[in-house]
Amino acid sequence: MTDTAQDQSAAPKCPVSVEDRAKAWSLYQPWLQQDPVSHWEELREAGPIFRSDEAGGFWILTRYEDIEWAARTPEIFSSAELAIPHRQIFPEKQIPIQLDGEEHRKWRQTLSSLFNPGVVNHFTPQIRQAAADAIEAIQGRSSCEFVSEFAVALPAETFLINFGIGREYLKPLLDHKTWLRREGIPNARTDAELREANQPLWKFFSDAIDRRRAEGTEGRRDVISQMLRTTYDGRLPTQDEMVNALFVSMLASLDSTTAALSMVFDYLSRHPETQKLVVAEPEKIPAIVQELIRHEPVSSTGRLVTQDVERHGVTMRKGDRVLLSWGMSGLDPDVFENPHEVNFERETTRQLAFGVGPHRCLGMHVARRIIQIALEEWHTRLPAYRQAPDSRPIRHYSPTRGLLNLDLVFDEAAPTA
């Protein structure tokens, strides 16, 4: 175990034994926020399945093979309840991530063209310009706070570009997303409170659809324009269905990619040799991104058991909930040789960072492209940096593990673009 995990284990609120830590496991536990990885490693080594008593109780699958098995068996592990604790934040199930079976397949088919590689390629020049603009605001300074100035800014700008929404709407979208993830979902007394709080943003997306409908969609490839031209099961989606899907896409694009960027640059800021590799051999950036996404776990979601099922001698009953930690599965030594070693020549690329099976992340092409562009543009302009010696990153676990802050200092004057 790392020194950080040992310190946390000694904290008054952190249970002493592995079994007791499993019973108290939660994505929001204070003693897990700074370093969930070491505690997760202990769980995995101790056994494949544990039971937490938190949030009404849920199972924890600790190993890659079991997480993959559950993801590929949606008829037993439903996506109807994605979070632990589950909060129904929309009037209906979230499209498509809370749907199963044929309904999910049809919506997935409807939405897949909105986020395919061709669309990502179309918007890449604008995403690259957004990255350059964010970095330009930092150049010439001796330091920056990376998360707020870049990791939040770039995915948010990309969202606006992909959806054809003006920059003037950026702040309210970010403010609401941050509130919902950090305060609303964990602290709201009822789901009805969350649905009420979401009404202004629900109306925002509905108004955006109406504006685009009035403007016309011919020749436009943004998500809202494509949504207005697409069909679901042979019919046009309703206004509420379109708002639902757009809202879900916003939450995913503004949260998980920011978290991934913060974790990737946290690693880079502590490894100058990798910074030099990015600068010297930019053609390796896709492999670097792939490996760092594996090495720095980000996402976890839940599933709902639809029928009794036994695994490793444990019976999970109908109605039970299960935690699937996609990111942590990338550290399983049964799948990845020397998993804690960062190896940019690694042959095994079976990581589950973006999920697997029918619910694999629709936005994975966009997310990868954002992170790749971030590395390219950042290191072209700011090739040498490190964490500020008098600052400590504040980490959060939650459904998307990441950093709340990352203070960087630059080792030499940044070159002008």
- Message: Calculate the FRET efficiency for Lys284 and Lys23 from the Cβ-Cβ distance with a Förster distance of 35 Å, rounded to the nearest 0.05.
- Response: 0.20
- Over the alpha-carbon set of the range 266-308, work out the extent along each principal axis and list the three values in angstrom, largest first. 54, 21, 10
- Keeping every protein chain in place, order Thr62, Thr238 by accessible area at 1.4 Å, biggest value first, i.e. largest first. Thr238, Thr62
- Label-point gap, in nm, between Thr231 and Phe344 - each point 7 angstrom along Cα→Cβ: 4.8 nm
- In the range 99-177, how does Rg compare with the Kirkwood Rh, expressed as the Rg/Rh ratio over alpha carbon atoms? 1.10
- Query: Using the Cβ atoms and a cut-off under 14 Å, what net charge is assigned to the surroundings of Asp390, where Lys and Arg are +1 and Asp and Glu are -1?
  - Reply: 0
- Calculated from DSSP helices alone, with each H run of at least 4 adding -39500 (n - 2.57) and the total divided by the residues of the chain, [θ]222 nm to the nearest 500 comes to -14000 deg cm²/dmol
- Based on the Cα atoms of the chain, what semi-axes does the equivalent ellipsoid have, where each is the square root of 5 times one gyration tensor eigenvalue, given in whole Å with the largest first? 31, 30, 20
- Query: Ranked from the most accessible area to the least, with a 1.4 Å probe and all protein chains present, what is the order of Thr110, Thr231?
  - Reply: Thr231, Thr110
- Task: Counting other Cβ atoms within 10 Å, keep those with at most 14, restrict to DSSP loop, and tell me which GluC sites (Glu not before Pro) in the range 113-222 are left.
- Result: Glu218
- Query: Got a number for carbon plus sulfur as a percent of the chain's accessible area, 1.4 Å probe?
  - Reply: 50 percent
- Message: Can you give me the orientation-averaged projected area of the convex hull built on the Cα atoms of the range 17-102, in nm²?
- Response: 6.6 nm²
- Within the chain, how many lysine pairs that are 8 or more places apart, or on different chains, have C-alpha atoms less than 23 Å apart? 9
- Message: Report the Cα centroid-to-centroid distance between the range 57-123 and the range 239-295 in angstrom, as an integer.
- Response: 20 Å
- Message: Rounded to the nearest 10 Å², what accessible area does Cys361 have for a 1.4 Å probe in the complete protein model?
- Response: 50 Å²
- Query: Taking every eigenvalue of the Cα gyration tensor of the range 281-417, multiplying by 5 and rooting it, what semi-axes result, largest first, whole Å?
  - Reply: 35, 18, 15
- Return the distance in nm (one decimal) between the two label points of a simple spin-label model at Glu215 and Arg195, each offset 7 Å from Cα along Cα→Cβ. 3.1 nm
- Task: Measure off 7 Å from each Cα along the Cα-to-Cβ vector at Glu103 and Glu65, then give the distance between these two points in nanometres to one decimal.
- Result: 3.4 nm
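The values are calculated or read from the model by the stated rules, or taken from the named source; none is laboratory data. Everything quoted here is computed from the prediction, not taken from an experiment. Cβ sites come from the backbone with ideal geometry, for glycine too, and all protein chains shown count toward neighbours. SASA here: full protein model, heavy atoms, side chains in, ligands and nucleic acids out. Shrake-Rupley method; radii C 1.70, N 1.55, O 1.52, S 1.80 Å.
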